[in-house]
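To start, the structure under review is shown below, and the notes come after it.
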Amino acid sequence: MFRLAQLWRTTTVRLTALFIAIFVIFAVVLLGLITWQTSIQLQRQQTDAIDREAVQFKRLDSDGGFRATIIAVQRLASQPGPGIYYLADPAGQLIVGNVTDLPPEVLAEPGTYSFNYSKPRLFDDPDGEADDPTPQRQGYAMVRSDKLPSGLILVVGRDVVERRGFTAIVLQWFAVGAGGILLFSLVAGVLTAVRVLRRIDTISSTSNKIMSGNLSERVPVTRRNDEFDALATNLNLMLDRIEKLMQGMKEVTDNVAHDLKTPLTRLRNQAESALRDGQGEETRKQALETTIEESDKLIKTFNALLMIARAEAGTPSGALSEIDLSAVVTDVAELYGPLAEDEGLTIETDIAEGIRINGNRELLGQALVNLIENALKYYEPEAGKAGRIAVSLKRDGSKVRIEVADNGPGIAAEDRGRVIERFVRLEKSRTEPGSGLGLSLVAAVAQLHKGELRLEDNAPGVRAVVELPG
């Protein structure tokens with residue numbers, strides 16, 4: 001019963017039931033109209049036939065006399081069929097005919113009448129009278145009564161039982177057809193609803209497993225390519241995104257707990273040391289300056305984490321709008337030109353003009369700043385080798401490519417995918433200031449703009465490529 005209640009609550013079953021009801025009502029009305037019109041047409045045909053025979057008998061009686069009329073009525077009355085014939089004298093006494101009794105009003109007043117009557121079976125089956133225990137057959141007649149010119153009373157009509165039988169057969173087969181349609185529709189509706197419920201149960205079961213903590217579960221996708229497969233595909237994409245965000249949140253939490261523990265401990269120790277008795281003013285001042293410096297680093301780290309979170313969530317600080325990317329890249333490269341010269345490097349630019357995209361100017365600028373700062377920070381000068389950083393912007397088909405390449409020590413191939421993760425710092429960069437969030441922010445900004453970040457070998461050095469839709 002619970003399963004049946006579930007089936008009834010499904011939209012498929014309810015729509016099927018509504019369709020069945022509408023179809024059955026329409027079929028009943030349509031077939032009823034057809035049956036009614038057919039019955040009227042048959043009745044009209046019988047009435048016209050009766051009228052024609054009555055007119056012919058009147059003409060025959062007028063031209064040939066009552067003897068010719070009696071012979072004609074007797075001949076037609078002796079033939080089997082639905083015809084009803086009764087010829088009586090002016091007093092109403094039967095002369096010839098195939099019915100034995102008529103209502104008195106039929107003989108008393110000319111007109112059209114309908115009534116039940118008894119008809120000898122010999123008129124329907126001349127060879128079966130001796131063996132038939134019921135010599136009379138009951139019927140329902142529609143007749144016309146007239147007075148002939150000779151004074152005789154003529155009653156001509158038709159037995160309408162066959163017509164009623166035809167109507168009954170039509171209604172009977174209509175009931176069979178409507179019942180079959182109803183049964184077939186119910187079976188089809190139930191099978192369809194069961195199939196729909198099975199697919200929905202699969203989605204619900206997967207959802208329950210996911211809610212229990214198994215984020216790796218996915219909704220099965222069949223090969224039917226129907227609307228449920230489209231829904232399952234979209235749900236799986238959403239689950240992939242949620243799992244990635246949850247994994248990122250877990251990594252951030254773990255990394256924050258691990259990487260921020262040391263600076264916070266240093267802050268506490270510095271403050272505790274400054275508060276000890278006997279410490280001079282200079283020591284306390286130095287402790288406060290160190291505290292401010294460490295606090296600035298922490299604030300910078302948290303700002304970077306916040307910016308990454310906003311970018312990955314698709315909610316940047318400013319709405320996406322059409323920007324001149326060529327101007328953004330040019331401004332950042334010019335800004336870091338003097339700083340690069342102080343470090344003994346040169347920044348070379350190859351920036352195509354007039355490249356405009358739909359993006360966030362602040363985040364794209366910050367991503368480029370991070371790439372250039374990484375190139376400056378980790379460059380190791382070598383004797384006889386001029387350091388350089390190449391910044392380029394160009395259009396590649398339907399894509400736009402921002403590249404920042406250096407000729408420094410580079411990154412090993414096995415580490416290029418790992419350094420994009422949050423708080424990941426290679427051993428040789430541990431001595432440099434930073435939090436390990438720079439490339440993570442660049443990757444998040446690229447993802448926000450439906451692009452990607454790739455680290456490639458520049459032989460020597462590393463080439464950072466940010467590819468965005470153009």
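Here are the numbers for this structure:
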quantity	calculated
Tabulated pairs, region 204-224, first over 26 Å from K250 (Cα atoms), second at pLDDT 85 or above, C-beta under 7 angstrom, 6+ apart or interchain	P220/T202; P220/A232; V221/D229; V221/A232; V221/T233; T222/D229
Residue that is nearest to S78 (Cα to Cα) [pool: residues in region 153-167 that are among the hydrophobic types (A, V, I, L, M, F, W, C) and open to solvent by 30 Å² or more (accessible area, probe 1.4 Å)]	V161
Residue that is modelled with the lowest pLDDT, among those in region 102-159 that are among the acidic types (D, E) and part of a strand (DSSP E or B)	D159
Subset tally (residues that are over 24 Å from R418 (Cα atoms), part of a helix (DSSP H, G or I) and of a type in the set (D, E)) for region 200-247	3
Selected residue (criterion: nearest to K147 (Cα to Cα)) from residues of region 54-78 that are in contact (Cβ under 8 Å) with a residue 24 or more places away in the chain and either acidic (D, E) or open to solvent by 40 Å² or more (accessible area, probe 1.4 Å) (or both)	K58
Any pair with Cβ under 6 angstrom, 6 or more apart, that starts in region 400-421 at a residue that is farther than 13 Å from G461 by Cβ and ends at one that is among the acidic types (D, E)	R401/E467
Test: V106 is out of contact with any helix residue (DSSP H, G or I) (no Cβ under 8 Å at 6 or more places or on another chain) and either crowded, with 19+ Cβ neighbours inside 10 Å or of a type in the set (V, I, T) (or both)	yes
For R401: the one exception among (1) at pLDDT below 90; (2) open to solvent by less than 80 Å² (accessible area, probe 1.4 Å)	(1)
Residue check for L260: among the aliphatic types (A, V, I, L, M), out of contact with any Pro (no Cβ under 8 Å at 6 or more places or on another chain), modelled with pLDDT under 80 and open to solvent by 30 Å² or more (accessible area, probe 1.4 Å)	no
Neighbours by Cβ (under 8 Å, 6+ apart or cross-chain): first from region 235-256, over 19 Å from L298 (Cα atoms); second part of a helix (DSSP H, G or I) and at pLDDT below 75	L245/E312; L245/A313; G248/E312
Contacts under 9 angstrom Cβ, first residue in region 27-45 being over 15 Å from D159 (Cα atoms) and assigned to a helix (DSSP H, G or I), partner open to solvent by 50 Å² or more (accessible area, probe 1.4 Å) and modelled with pLDDT under 80, 6 or more apart	A27/I181; L31/L171; G32/L171; T35/L171; T38/F166
Residue that is farthest from the chain's Cα centre (by Cα) [pool: residues in region 19-53 that are β-branched (V, I, T) and loosely packed, with under 12 Cβ neighbours inside 10 Å]	I40
Pairs with Cβ under 8 Å, 6+ apart, first in region 139-158 and free of Cβ contacts under 8 Å to residues at least 60 places away in the same chain, second open to solvent by 20 Å² or more (accessible area, probe 1.4 Å) and not in a strand (DSSP E or B)	G139/V161; Y140/V161; Y140/R164; S145/L107; S145/E109; S145/P110; K147/P110
Verdict on T330 being modelled with pLDDT of 85 or more, of a type outside the set (A, V, I, L, M, F, W, C) and either touching a Lys or Arg at 6+ places or on another chain (Cβ under 8 Å) or in a strand (DSSP E or B) (or both)	no
Sole residue being farther than 30 Å from L60 by Cα and in contact with a Ser or Thr (Cβ under 6 Å, 6 or more places away or on another chain), chosen from V176, V187, V196, V155	V196
Filter pass, K250 being within 23 Å of A304 (Cβ to Cβ), assigned to a helix (DSSP H, G or I) and either modelled with pLDDT under 75 or open to solvent by 90 Å² or more (accessible area, probe 1.4 Å) (or both)	yes
Residue match in region 429-439 (condition: open to solvent by 30 Å² or more (accessible area, probe 1.4 Å), under 48 Å from the mean Cα position of the chain (by Cα) and at pLDDT 80 or above)	no
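Residue by residue, here is whether (1) in contact with a helix residue (DSSP H, G or I) (Cβ under 6 Å, 6 or more places away or on another chain); (2) β-branched (V, I, T) holds:
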position: Y336; (1), (2): yes, no
position: T349; (1), (2): yes, yes
position: I355; (1), (2): yes, yes
position: N360; (1), (2): no, no
position: I372; (1), (2): yes, yes
position: I389; (1), (2): yes, yes
position: K394; (1), (2): no, no
position: S398; (1), (2): no, no
position: G408; (1), (2): no, no
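The values are calculated or read from the model by the stated rules, or taken from the named source; none is laboratory data. The shown structure was predicted, so the numbers you read here are calculated from the model rather than taken from an experiment. Note that each Cβ is placed from the backbone with ideal geometry, even for glycine, and that neighbours are counted across all protein chains shown. Heavy atoms of the whole protein, side chains included, go into the accessibility calculation; ligands, DNA and RNA do not. Shrake-Rupley method; radii C 1.70, N 1.55, O 1.52, S 1.80 Å.
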